[in-house]
Amino acid sequence: MEGQYTEKVMEHFRNPRNVGEIPDASGIGNVGNPVCGDIMRLYIKVDENEIITDAKFKTFGCGAAIATSSMVTELVKGKTIEEALKVSNHAVAEALGGLPKIKMHCSVLAEQALRRAIDDYLAKKKAKIA
Amino acid sequence: MTAEMRKVYLDNNATTRTREEVIAAMAPYFGGIYGNASSIHQFGRPARTAVDEARNRVASLLGAASPEEIIFTSGGTESDNFAIKGVVNALRSKGNHIITSAIEHPAVLNTCKFLAKEGCLVTFVGVDEYGVIKLDELKKAITDKTILITVMHANNEIGTIEPVEEIGKIAEEKGVYFHTDAVQSAGKLPLDLKNMNISLLSISGHKLYGPKGVGALYIKKGTKITPQMLGGHHEMGKRAGTENVPGIVGLGKACELAGKELNAESKKLTELRDYLYKGITSKIEDVRLNGHPQNRLPNTLNVGFKYLEGEGIILNLDMEGVGASTGSACTSGSLEPSHVLSAMSVDAADIQGSVRFSIGRDNTKEDINYVVGVLPPIIKRLRDMSPLYEKGK
Ligand SMILES: Cc1ncc(COP(=O)(O)O)c(C=O)c1O
Ligand code: FES
């Protein structure tokens with residue numbers, strides 16, 4: 001399967017963007033992939049205008065998992081929470097020039113990590129208001 | 001990437017580079033000597049002679065009692081299928097029970113699973129933490145309906161060598177046929193079939209510096225087996241189809257060379273393998289050896305890098321010019337964790353970060369030094385990216 005990654009996937013795998021943690025993150029999304037046992041942790045920083053100003057990740061997973069983590073952080077930076085909620089796994093895969101069929105579930109991991117991070121942010125916000 | 005980047009091939013259990021001597025031996029049979037080995041005229045005769053000569057060479061490497069015990073096939077997969085299905089067909093009236101191990105190559109595993117659907121009973125005997133079959137379990141599994149034990153000689157993923165002599169003895173005592181897949185061990189471990197209780201044994205050309213798409217099945221004289229490929233009277237009526245003369249000649253040459261060089265080669269491979277492991281463990285923490293520490297193929301090193309997933313390591317090594325693999329070539333492309341490491345009860349997270357380095361005759365100490373040089377930064381970079389790895393421990 002390795003050979004079937006697009007140049008773009010390999011580029012993000014080689015030079016992943018936004019690797020790391022955000023110590024004072026507004027939201028953290030932790031997901032495990034039931035298909036393959038891989039793990040992704042996504043951090044987002046959100047400002048008072050509901051704009052995602054920063055995103056970082058840590059991933060235990062295949063080449064596609066690392067590339068999709070990198071791409072999803074790139075895609076959501078500068079977006080509002082509402083816009084970010086519309087970022088689907090297909091959008092992530094498409095931005096990478098496509099993924100091999102059996103690696104599509106890796107992009108689902110990225111989408112779910114993002115959703116969880118946003119949920120976490122929204123829950124924290126609610127808790128603060130309450 | 002620079003044009004002169006070093007290339008290091010450490011995936012010799014997936015396939016090997018066909019040796020120059022083998023290519024030279026095969027060459028005439030693609031062109032000049034094109035006759036059908038079954039033809040009695042002057043065009044066919046030299047082809048027949050070449051096939052017979054190859055049969056002698058294969059028989060000699062395996063220590064078979066007679067060349068007539070060697071049947072040429074299209075490779076390891078066909079040999080495994082032929083052995084297992086052939087015995088099941090031939091011994092239908094005696095029983096329908098097959099015993100195998102949990103760590104077989106898919107060529108055996110999937111054949112057994114197929115037969116289970118067709119009404120056979122299949123027992124998958126477990127292995128210990130090193131991948132060695134549990135002999136007591138195997139013994140207990142034998143019933144009066146058991147017709148075949150099929151356990152590989154050496155495992156392709158971890159290199160662990162199975163106790164085929166003991167299994168042979170058990171099979172002999174119980175009057176059960178014993179097949180072994182020796183695709184990975186032929187040419188690496190000595191075999192002397194005339195003095196072993198092995199009824200059937202599979203080999204493949206491309207794992208021992210011969211061509212792809214050719215192999216052989218050793219069938220001990222007197223073993224009842226039903227042909228699986230029906231047609232003409234080729235291969236003593238056991239496997240129909242016009243002989244792949246160049247391939248068979250290549251396999252014969254490869255076996256001849258492997259036999260001559262076995263001892264020296266095995267010593268060299270063992271040294272390189274252990275040198276690689278030492279290099280890795282001296283520079284990288286949290287590494288585990290998968291497979292038996294001693295009873296292992298001389299060329300196979302399977303190591304688990306904790307907190308990591310193997311594909312990332314393979315891709316990074318590839319960028320540095322190094323070819324290695326996760327598990328077996330056949331399972332890259334599948335998401336299932338290795339069935340071999342699972343059977344050895346390796347922790348699920350540790351299975352993920354396992355990489356197989358399989359050394360070959362072309363490799364040098366410089367190759368190993370190169371790998372030991374490029375690997376640590378790769379592991380560090382990926383571990384820094386892994387949520388399972390907490391720094392500053
Ligand atoms: C243990 C084992 N058995 C069987 C095979 C299949 O052999 P072939 O590729 O010649 O069909 C392989 C290699 O792929 C192997 O490693
Ligand atoms: S295979 Fe597990 S995330 Fe890609």
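For region A:93-109, which positions are in a helix (DSSP H, G or I) and farther than 21 Å from A:GLY20 by Cα? Walk me through how you get there before you give the answer.
Keep residues of region A:93-109 that are in a helix (DSSP H, G or I), which gives A:93-95, A:101-109.
Matches in region A:93-109: A:ALA93, A:GLU94, A:ALA95, A:LYS101, A:ILE102, A:LYS103, A:MET104, A:HIS105.
Quick check on my filter: what residues within region A:40-75 are more than 14 Å from chain B (Cβ to nearest Cβ) and either closer than 12 Å to A:ALA113 by Cα or within 16 Å of ligand 2 (Cβ to nearest atom) (or both)?
Answer for region A:40-75, where residues must be more than 14 Å from chain B (Cβ to nearest Cβ) and either closer than 12 Å to A:ALA113 by Cα or within 16 Å of ligand 2 (Cβ to nearest atom) (or both): A:ILE44, A:ALA55, A:MET71, A:VAL72.
Pick out, from region B:105-189, the strands (runs of 3 or more DSSP E) lying fully within it that include 3 or more residues that are surrounded by fewer than 24 Cβ atoms within 10 Å (Cβ to Cβ).
Filter on region B:105-189 gives B:121-125.
Tell me yes or no: at least one residue of region B:42-52 is touching a residue at least 24 places away in the same chain (Cβ under 8 Å) and either within 16 Å of B:HIS206 (Cα to Cα) or surrounded by fewer than 17 Cβ atoms within 10 Å (Cβ to Cβ) (or both).
no
For region B:309-317, state whether one or more residues are more than 16 Å from ligand 2 (Cβ to nearest atom) and either out of contact with any Phe, Trp or Tyr (no Cβ under 8 Å at 6 or more places or on another chain) or over 17 Å from B:SER338 (Cα atoms) (or both).
Yes: one or more hits.
Evaluate region B:33-41: report whether one residue or more is in contact with a strand residue (DSSP E or B) (Cβ under 6 Å, 6 or more places away or on another chain) and surrounded by fewer than 22 Cβ atoms within 10 Å (Cβ to Cβ).
Taking every residue of region B:33-41 in turn, none turns out to be in contact with a strand residue (DSSP E or B) (Cβ under 6 Å, 6 or more places away or on another chain) and surrounded by fewer than 22 Cβ atoms within 10 Å (Cβ to Cβ).
Have a look at B:LYS212, B:LYS224, B:LYS267 and point out the one that is outside the structural domain of B:VAL164 (by TED's automatic domain parsing) and surrounded by fewer than 18 Cβ atoms within 10 Å (Cβ to Cβ).
Checking each option against the conditions leaves just B:LYS267.
Report, ordered by the first and then the second residue, all pairs with beta carbons closer than 7 Å, sequence separation of six or more or different chains, a first member in region B:229-240 that is more than 17 Å from B:ILE219 (Cα to Cα), and a second member that is assigned to a loop (DSSP other than H, G, I, E, B).
B:LEU230/B:ALA240; B:GLY231/B:ALA240; B:GLY231/B:GLY241; B:GLY232/B:ALA240
Return the residues of region B:50-95 that are farther than 12 Å from B:GLY252 by Cβ and among the polar types (S, T, N, Q); say none if nothing qualifies.
The answer is B:SER66, B:THR73, B:SER74, B:THR77, B:SER79, B:ASN81, B:ASN89, B:SER93.
Hey, does region A:83-95 have a residue that's within 14 Å of another protein chain (Cβ to nearest Cβ) and free of Cβ contacts under 8 Å to residues at least 40 places away in the same chain?
Residues of region A:83-95 that are within 14 Å of another protein chain (Cβ to nearest Cβ), as a first pass: none.
Among the residues of region A:83-95, not one is within 14 Å of another protein chain (Cβ to nearest Cβ) and free of Cβ contacts under 8 Å to residues at least 40 places away in the same chain, which makes the answer no.
For region B:19-67, name all the residues that are within 25 Å of the chain's Cα centre (by Cα) and assigned to a loop (DSSP other than H, G, I, E, B).
Selection gives B:ARG19, B:GLY63, B:ALA64, B:ALA65, B:SER66.
May I ask you to list the residues in region B:84-104 that are surrounded by fewer than 22 Cβ atoms within 10 Å (Cβ to Cβ) and of a type in the set (D, E, K, R)?
B:LYS85, B:ARG92, B:LYS94
On the basis of being surrounded by fewer than 16 Cβ atoms within 10 Å (Cβ to Cβ) and not in a strand (DSSP E or B), does B:ASN81 make the cut?
no
With respect to B:PHE30, determine if the residue is surrounded by fewer than 15 Cβ atoms within 10 Å (Cβ to Cβ) and either in the same structural domain as B:LEU315 (by TED's automatic domain parsing) or in contact with a helix residue (DSSP H, G or I) (Cβ under 6 Å, 6 or more places away or on another chain) (or both).
In short, yes.
The values are calculated or read from the model by the stated rules, or taken from the named source; none is laboratory data. Remember, it's a predicted structure, so these values are computed and weren't measured experimentally. All Cβ positions, glycine included, derive from the backbone under ideal geometry; neighbour counts span all protein chains shown.
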